[in-house]
Amino acid sequence: MKTCQKHGIPAGVVANGEDVASDPNLNFTNFFVNTNHPRQPDLILPGVAVHLSSTPGQVHSPAPLLGQHTTEVLTRLLDMDTTEIASLEIDGVLS
């Protein structure tokens, strides 16, 4: 990368996960955040890359597990009742 840049060729590092996790600048700026994942406690995830003063944003939780919010979506958004949901589960539509 430095050799290319020295000769006027735009170049940058293609970093793997280990490179990113050990980057001193990212660690200095607290880019990584600890989350409490149900299957992997103390999971470290990348945080919000851009910090805006009025809307800074933050990581509230890890990604949901597969099917974690299915019942909530079906009842709240699709107005399904528990009988309809149970029927879908029996039919193997839901896991």
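The values are calculated or read from the model by the stated rules, or taken from the named source; none is laboratory data. Note that the coordinates shown come from a computational prediction; the quantities given were computed from them, not determined experimentally. Counting neighbours? That spans all protein chains shown, and the Cβs are built from the backbone with ideal geometry, glycine included.
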Next on the checklist: If the requirement is being among the small types (Gly, Ala, Ser) and either modelled with pLDDT of 90 or more or surrounded by 10 or more Cβ atoms within 10 Å (Cβ to Cβ) (or both), which of these qualifies: ALA49, ALA15?
Outcome noted: ALA15
Next on the checklist: Quick check on LEU74: is it without any contact (Cβ under 8 Å) to a residue 60 or more places away in the chain and surrounded by fewer than 10 Cβ atoms within 10 Å (Cβ to Cβ)?
Outcome noted: no
Next on the checklist: Contact list please: Cβ distance under 9 Å, first residue in the range 27-56 and among the aromatic types (Phe, Trp, Tyr), second residue at pLDDT below 85, pairs at least six apart or on different chains.
Outcome noted: PHE31/ALA49
